[in-house]
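All remarks here apply to the structure that follows.
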Amino acid sequence: MFPQILNFLSQADYVNKYVDQFGPNGARSPDSSYWFPEQASSIARSNDSLYMAIFWVSTAFFLAIVGVMCYFVIKYRRRPGVCPQPSSSHNTTIEILWSVLPSILLVWFFYQGAWDYLISKYPPEGAEEVVVTGKKWDWTFTYPDGDQASELHLVLDRPTKLVMRSEDVLHSFFVPAFRQKMDVVPGRYTYYYVKPTMDGIFRVFCTEYCGDNHSGMKTWCHVHKDDATRKAKTEWINKDHKAWENGERLFKLNCAGCHNINGVAATGPALNAIWGSEESLIDGTKVKVDENYVSESIKYPNAKVVAGYGPVSKMQTFEGKLSNQDIDYLIAYFKHLKQPGSGDTAGAPATGAEGNGSAAPAAEPAKTEEPKAEPAADKPAEGTGG
Amino acid sequence: MAVADTHHHDHHDHGEFIAHHFDNAEQQFDSGKLGIWVFLVTEVLFFSGLFVAYILWRYHHPEIFQQAHVFLDKVLGGINTVVLLFSSLTMALAVRCSQMSNNRGTAFYTLITMVCAAIFLGVKAIEYSHKWDQGILVRSMWAYTLDHQEAKLGIAQQLGVSDWLIWLSIVPAILLGVFIVASVTATLMAKPIWSKFYAGLAITVGGYFLGALGGQIYMKNYEAREAAGTAQVSPLVLHADDKAAASAQQHDHTGEHAGEHGHAGEHHDSHHPDPKSLDRDVGVFFSIYYCMTGLHAFHILGGIAFLSWIYFRSLKGHWRSDYFGPVEYVGLYWHLVDLIWIYLFPMLYLID
Amino acid sequence: MATAEVRHELFGHAEQKNYLNCSKGALSWLLTLDHKRIGIMYLIGVSVALLLAGFFALMLRTHLYYGDSSFLALKWLFGEAANYNANKVYNQMFTLHGAIMVFSFIIPSVPAALGNMVLPMMLGAKDVAFPRLNLASFYLWVFGTGFLIVALMNGGLDTGWTFYTPYSIETDTGVVYATMGAFILGFSSIFTGINFLVTVNTMRAPGMGWYGMPLFLWSLYATAIIQILATPVLGITLLMLIAERMLGIGIFNPKFGGDPVLFQHFFWFYSHPAVYIMILPAMGVISELISVHAQKRIFGYSFIAFSSVAIALLGFLVWGHHMFTSGQSIVVNLIFSAITFSVAIPSAVKVFNWLATLYKGSIALNTPMCYALSFIFLFGIGGLTGLFLATLSTDIHLHDTYFVVAHFHFVMVGGTLTAFLGGMFHWWPKFFGRMYNDFLGRIGCFLVFAGFNLTFFPQFVMGARGMPRRYASYDPEFQIFHQWSTIGAFVLGIGIVLSFAVLLHAVWFGRKVAGNPWGAGSLEWQSSSPPSFHNFDHKPIFHDPYDFDALVYDKGLDTYVAREFMDPNQVPERVPVTH
């Protein structure tokens, strides 16, 4: 009648697993300050500085407020026989000053916060891509060459873009040491950028409540000095096929009937060079071929039909026939077709097709992004995952 | 839902109608007026969530929203629109009568308004049952079939209507019986006001059956046109046809359907989609359709309840030229319900 | 000038013929249309909700004392035979704590309980505009809370009070019951809002214009605006969630092409204005407490009045700041962050205005004033920590950690609950005609203050260090903070219980007081204590509620009266009395 107790990472396991990183008491890294974890990414220092700036300003205001309050309470306490002295209840000058001056501080906080945020959202060209799959209640990481592991392994000073998707409910990928976090959403891809600047082992948490073992959905992020160390030290799983090889197999089974990879248009467009290109749709708009677009087109072929193949797409839907993992493999295959070797781990940059790194903050596509209208799951907008 | 209203008078107090906590009648009327308007604002915001959902879905699935309206019948929707507009007119006339202390007039026009509301619900019942027969349901339950379900209930077969219509009509039928009996009983017990009240309610429920009858007659005609191939068809259907032409599966269905009599008329298979290949996403449109029209129908039901309260008080002769607030408040509510339908009809039935 | 008998009748302690004893029997309470009785019924109801949700809080804090999920696994009770899924139980506890607190306690507490008791009298009216709607609001509260209890007993609820999809669609707990409960509670809130808005608009005392209203009324008016505009959106959101769960309409469920983030937009479009429903009336209470107990006109009346309405309206534009990491676009994040900062300024300036009110006042350190000062301290921290969360870059790190938990508890408990308790201590003598033991009241205030700080301040540090929220177990480095937090929670609980006990004791055994023991200027004090059924036995004479010089102390009655009513045989005394 009652469900089983789950196994958690007990205190002993926590300590024993990486005992050379942490002390015998499972203490925090010696690189941490009192307030924060260690500064292990390129944005951590500016993040902490801004936090401390807000902290000191807040403390100053708070001490002033409480100090004045205590002073008044003592000085003007009620004494028998003493009337309150007259004083004005309105003073335009003071009221303007104490509205405007704090506002200036707030503008500074907003500006600085927005600036740091924008920097953290745009990795440079050639960021390595790791696909993160969250499901209740663990994480799977797929590396560019198709290898998979259950812990995240990065290389020091290498900008990395995590392409994240959930199999079931909302999750969130959080590495406190990196000061970076992004929700992992079912039905679409979201993106997480980090440039690790400290080698070591850092905690990874799921920070969006996802059910029974939400507190157990934890893993580790290892930052290695170089690729060779990473390859050697990682506990890889799924060593048989690279991701793009699986994708090739699926393509032959499901897609080759209408799509070919010779550049020849058939019942459907040729797919060998589409990855990252701009396609024109039947309604005249353009769309970039990225993970969201490919996933959407496989599940809802009529959503964005390429010009010349309308008005109604002849493609059947593969929802229910191809799993999300299969779609990931197909995407890896398209990337491979566009730039062979993009799956190698020898430090070669992943195909620059994502283009997110090349877009300057000001060039954010001016879509119809009203604050109220959140695009539905399949909108393939670049940078929206940001 | 509770009533946003003011208060009717104390019976023990020589017909004094100002509630105790108000200083004067003007304060009471102003309060009631402001109260009902504020309540209407909350109703608009309540529906706004669904309007936002509609806008978002339409934006993301234009290919469905531009075509799916053809599954809906514009004539039936149009009839409903006219009926509701007419009911707003009679409601306004009822308010006017109450302002002139004409209680009989108020009762009369309120009753007509209630009947119109019930006719609306009757036509809606036809629309819904017709769709449910074809498996036109929300996204997760989408099960569009080439043909209408056969009626299994004896009554349905006798009347030549859908099973679903029978299920929907059980409660109205019971209510009709109850109200008729109650009215007769009240007459026998020499309580004329109650008798007229129940009679009015019975007439209202009769309106539902009138609407259903009218809708059913229209649907027979429509199915005849479908069979002759002159009815309008959704391009989504045609699209599925292309696919159907490519696979041999469709031809098996033709033979099966030739002899079926689910509803009157046969179905020309070149105008019907292969249910297996039609995108289930058309169910997206119907999710929003059922939510919006369902919530609206619920508000119509509530409106009938409020109107019956006004009707009762008219029979009791409560309205005077210096006290008619509640009629006006219910009138405002009714106009809002009508206005919401004026938005729903083009959004769901007309635009492509 | 009024005779002594008339003065006693109007402003004295009313032993006979007050609203509490004018009619007897359970039905006279359950079917009452008297706003004061409805307010008391609300008070009893929300207090029960507070204690129930507080119990859940103590359970989960005890569980978190140990980082290994052993407490709720009940091994300490059943030994090795226990096989409760501790995480499942924990998840239900934090969800129910949140849902009951937010929907059944915090949102109705100040407006429905205190507001119902005070608002009509402060306006000089006999009742609210729609007394039967008022009673309906109360019963809707009862049914809504009842549904939440039913959910508790039918599978519980483990989605978090925020009901995020798709988890809330697929979990097998009593989500439908709970959302129905929240839906019904929403209508209770809407009807209260309609009632208050119309009452303030049409039933002010003659001579009371908009700028003659006490600030508590301005805050209730602004709150009513939010209740009316925001709550229906929650209603439709919950209905859509139920439809998604039961019918699969495919709006939020990605399996059917829906968007789970859309739910978050709909939900927070209500829930952010909801937090202003929670805090604006509380701020209104503080304005009253500070001005009355410092016997000083409130500083910057116009600003405080307008800022209440401004906060109410601006609050509709910032909901996206709960979703900075949800995957919404960069542009949207920038816009929401910017507007969020704009909402911060009016709240900060209110705090400055309260401090300026204390300047050159005559500050009595009684229980209500202690709560008001406590509010300034705690809300100050709560508001300032909101800045960290409005700032985009720091929020990315702090979102969904204990930092956020600490922030919202500082504003909701340190803000709303503190003001609620302070308001009760302030108006208790009016509505029960009895004075409580002020010393014990202050002890209760101190325990609440100290316990609260101990509970939640360590959580800021934990959150910045990375401790995620809604975790049933945690890494050992966070344990010391959790342990301090648990100890503080029990101190806080004792403080709350003590405060309630002090007030309850006073109802039957407190020293009797007359109409205006504090020397307050708003109209509700121009009546006997407890007030009569119709509130005022005479038409209250409107005067400026913050003009404390218009009141004189009447030794015979031991109360303050307006100068028009003073005893001609006495020398008018203005000096504030210490109670």
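The values are calculated or read from the model by the stated rules, or taken from the named source; none is laboratory data. Quick caveat: nothing in here was measured; it's all calculated off a predicted structure. Cβ coordinates were reconstructed from backbone atoms using ideal geometry, including for glycine residues, and neighbour counts include every protein chain displayed.
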Any hit, region C:464-484, residues being touching a Pro at 6+ places or on another chain (Cβ under 6 Å) and closer than 14 Å to C:V561 by Cα: no
Can you tell me which of A:S89, A:S99 is over 36 Å from the mean Cα position of the chain (by Cα), part of a loop (DSSP other than H, G, I, E, B) and crowded, with 16+ Cβ neighbours inside 10 Å? A:S89
Name the one entry in C:I249, C:I298, C:I286 that is within 30 Å of C:V577 (Cβ to Cβ), within 12 Å of another protein chain (Cβ to nearest Cβ) and among the aliphatic types (A, V, I, L, M). C:I298
What residue, among those in region C:551-572 that are under 17 Å from C:R297 (Cβ atoms) and modelled with pLDDT under 85, is surrounded by the fewest Cβ atoms within 10 Å (Cβ to Cβ)? C:R563
Only residues that are farther than 23 Å from B:R96 by Cα and among the acidic types (D, E): list them for region B:300-352, please. B:D352
Taking the conditions exactly as written (among the aromatic types (F, W, Y) and more than 7 Å from chain A (Cβ to nearest Cβ)), does C:F375 satisfy them or not? yes
Looking only at region C:208-223, decide whether some residue is facing chain B (nearest Cβ under 9 Å), buried (at least 24 other Cβ atoms within 10 Å of the Cβ) and within 22 Å of the chain's Cα centre (by Cα). no
Take B:T42 and decide whether it is within 28 Å of B:Y333 (Cβ to Cβ) and more than 8 Å from chain C (Cβ to nearest Cβ). no
Considering only residues of region B:54-88 that are part of a helix (DSSP H, G or I) and among the polar types (S, T, N, Q), which is farthest from B:E127 (Cα to Cα)? B:S88
Could you identify the single residue in C:F456, C:F449 that is in a helix (DSSP H, G or I), farther than 22 Å from C:G320 by Cβ, of a type in the set (A, V, I, L, M, F, W, C) and within 14 Å of chain A (Cβ to nearest Cβ)? C:F449
In this structure, is C:L498 free of Cβ contacts under 8 Å to residues at least 24 places away in the same chain and part of a helix (DSSP H, G or I)? no
I need a count of the residues in region C:226-252 that are under 18 Å from C:A178 (Cβ atoms) and in contact (Cβ under 8 Å) with a residue 40 or more places away in the chain. 11
When region A:102-127 is examined, which residues are found to be in a helix (DSSP H, G or I) and hydrophobic (A, V, I, L, M, F, W, C)? A:I104, A:L105, A:L106, A:V107, A:W108, A:F109, A:F110, A:A114, A:W115, A:L118, A:I119
Total residues in region C:390-406, condition buried (at least 24 other Cβ atoms within 10 Å of the Cβ) and either away from every other protein chain (no Cβ under 12 Å) or at positive phi (or both): 1
Report the residue count in region C:118-159 for those that are more than 14 Å from chain B (Cβ to nearest Cβ) and aliphatic (A, V, I, L, M). 9
Just for region B:5-53: of the residues that are touching a Ser or Thr at 6+ places or on another chain (Cβ under 9 Å) and not in a helix (DSSP H, G or I), which one is modelled with the highest pLDDT? B:F22
If you check C:G415 against the conditions, is it touching a strand residue (DSSP E or B) at 6+ places or on another chain (Cβ under 7 Å) and either more than 14 Å from chain A (Cβ to nearest Cβ) or touching a residue at least 12 places away in the same chain (Cβ under 8 Å) (or both)? no
List every residue pair whose Cβ atoms lie under 7 Å apart, where the two residues are 6 or more positions apart in sequence or sit on different chains, the first residue falls within region A:312-324 and is on the phi > 0 side of the Ramachandran plot, and the second residue, located anywhere, is among the polar types (S, T, N, Q). none
Test result for C:V343, within 8 Å of another protein chain (Cβ to nearest Cβ) and either touching a helix residue (DSSP H, G or I) at 6+ places or on another chain (Cβ under 6 Å) or of a type outside the set (A, V, I, L, M, F, W, C) (or both): no
Is it fair to say A:A366 is modelled with pLDDT under 85, surrounded by fewer than 21 Cβ atoms within 10 Å (Cβ to Cβ) and in a loop (DSSP other than H, G, I, E, B)? yes
Strands (runs of 3 or more DSSP E) completely within region A:160-233 that count 3 or more residues being of a type in the set (F, W, Y): A:190-194
Filtering region C:309-337 down to residues that are outside any helix (DSSP H, G or I) and within 9 Å of chain A (Cβ to nearest Cβ) yields C:M323, C:F324, C:T325, C:S326, C:G327, C:Q328, C:S329
For region A:144-185: of the residues being at positive phi and more than 9 Å from chain C (Cβ to nearest Cβ), which is surrounded by the most Cβ atoms within 10 Å (Cβ to Cβ)? A:G146
All-but-one check, A:G113 against (1) under 30 Å from C:E170 (Cβ atoms); (2) facing chain C (nearest Cβ under 9 Å), failing number (1)
Number of the condition not met by C:G361 [criteria: (1) of a type outside the set (A, V, I, L, M, F, W, C); (2) surrounded by fewer than 22 Cβ atoms within 10 Å (Cβ to Cβ); (3) modelled with pLDDT under 95]: (2)
